[in-house]
């Protein structure tokens, strides 16, 4: 499935939508993880109950017409494959109420320690087209630092097992880990390439407050990450993966021809998405959100950011982002509930967001979007610094700009924000 060249063709509203399902269960929380996750409770029936709750949430949005054209489904976490057979039930429940486009990309995240060949085969039979395998490293010492449950040998076997299903395979790798060497990283990249995966995501380690890894760093148990070494590792990844036919198409994403992640690309091109599950995030048009407010009486006092009635939505609101409470018990009791955090964006702010995120892609953004975002002057300034370039009616990040991506993205967003306040 190809992506449109112009991000403005995918503004929220009636039309294509992506669906994300957050499964908060895992075997053990990794040392670096700050996502909402916890071990799957031992009570019998919890996995099936969770699958039911997801189906209830999907049915709610389907009744509002928000799932009339689903182009991608992504089941993430946590570790969705901890649900076992109930994961098949979950996906079947979504298909029973949503209009999933023929040929839609359906992705399930898995970890090596929860990859079961028989379950994987049943998932593919139920419509899964892609597995995203959390390998992170093929170095056992690095895996121990990250607090992973598997070793390198199990990761290699899991990649083989998932590839044998015929589904597309994506691997997640992590660099810049304390104690990780350039030689170790090269070996991980070469072993990842050897799996035949059609998609590889490469992320520099981010140390998040409140994680086990942050505590270990603060205590001096492990050394601080080296950002210069991480940058060198990212450059090596681009070189080795590119030589193997996996071209960089986004800041952290590499793919063989025809294997770009449709779901992830939607985040960078302004396609609306709906999140189901505890802590899941959504981004929809103001009209879709207003319909949910009317249906569920979310305008009652006490719901953050929402007026008492739909008529009190901010003037000029074009796009709404919101997140469901990170409370698994509450989700299981009431799959459709008011969001915790709500952010309204005007059309100019939405354009600025699309421009900022669109620059993550190798093809960049069109002149039209840059103008709508009010970012032309900022982009010209970045071009003078060698961080972006302009050619063929598009603005693109340069190789130097990739390494200073946060600076580039912030400049474009701030330019749009200032325009929105003018």
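The values are calculated or read from the model by the stated rules, or taken from the named source; none is laboratory data. Only a predicted model underlies this, so the values are computations on that prediction, with no experimental measurement involved. Every residue, glycine among them, receives a Cβ derived from its backbone with ideal geometry; neighbour counts consider all protein chains shown.
Residues in the stretch 134-173 that are assigned to a strand (DSSP E or B) and free of Cβ contacts under 8 Å to residues at least 60 places away in the same chain were compared, and the one that is nearest to residue 72 (Cα to Cα) is 169. Are any of the residues in the stretch 322-331 in contact with a strand residue (DSSP E or B) (Cβ under 8 Å, 6 or more places away or on another chain), modelled with pLDDT under 90 and on the phi > 0 side of the Ramachandran plot? Taking every residue of the stretch 322-331 in turn, none turns out to be in contact with a strand residue (DSSP E or B) (Cβ under 8 Å, 6 or more places away or on another chain), modelled with pLDDT under 90 and on the phi > 0 side of the Ramachandran plot. For the stretch 55-66, does any single residue satisfy the condition of being assigned to a loop (DSSP other than H, G, I, E, B), out of contact with any strand residue (DSSP E or B) (no Cβ under 8 Å at 6 or more places or on another chain) and touching a residue at least 40 places away in the same chain (Cβ under 8 Å)? Yes - at least one qualifying residue is present in the stretch 55-66.
Between 362, 375, the distinction of being buried (at least 22 other Cβ atoms within 10 Å of the Cβ), under 30 Å from residue 399 (Cβ atoms) and either in contact (Cβ under 8 Å) with a residue 12 or more places away in the chain or under 22 Å from the mean Cα position of the chain (by Cα) (or both) belongs to 375 only. Within the stretch 179-221, the set of residues being assigned to a loop (DSSP other than H, G, I, E, B) and closer than 27 Å to residue 242 by Cβ comprises 179, 180, 181, 195, 196, 197, 198, 205, 206. For the residues 166, 198, 179, the requirement of being within 25 Å of residue 123 (Cβ to Cβ), surrounded by fewer than 19 Cβ atoms within 10 Å (Cβ to Cβ) and in the same structural domain as residue 136 (by TED's automatic domain parsing) singles out 166. Restricting 342, 336 to those that are assigned to a loop (DSSP other than H, G, I, E, B), buried (at least 16 other Cβ atoms within 10 Å of the Cβ) and in contact (Cβ under 8 Å) with a residue 24 or more places away in the chain reduces the list to 336.
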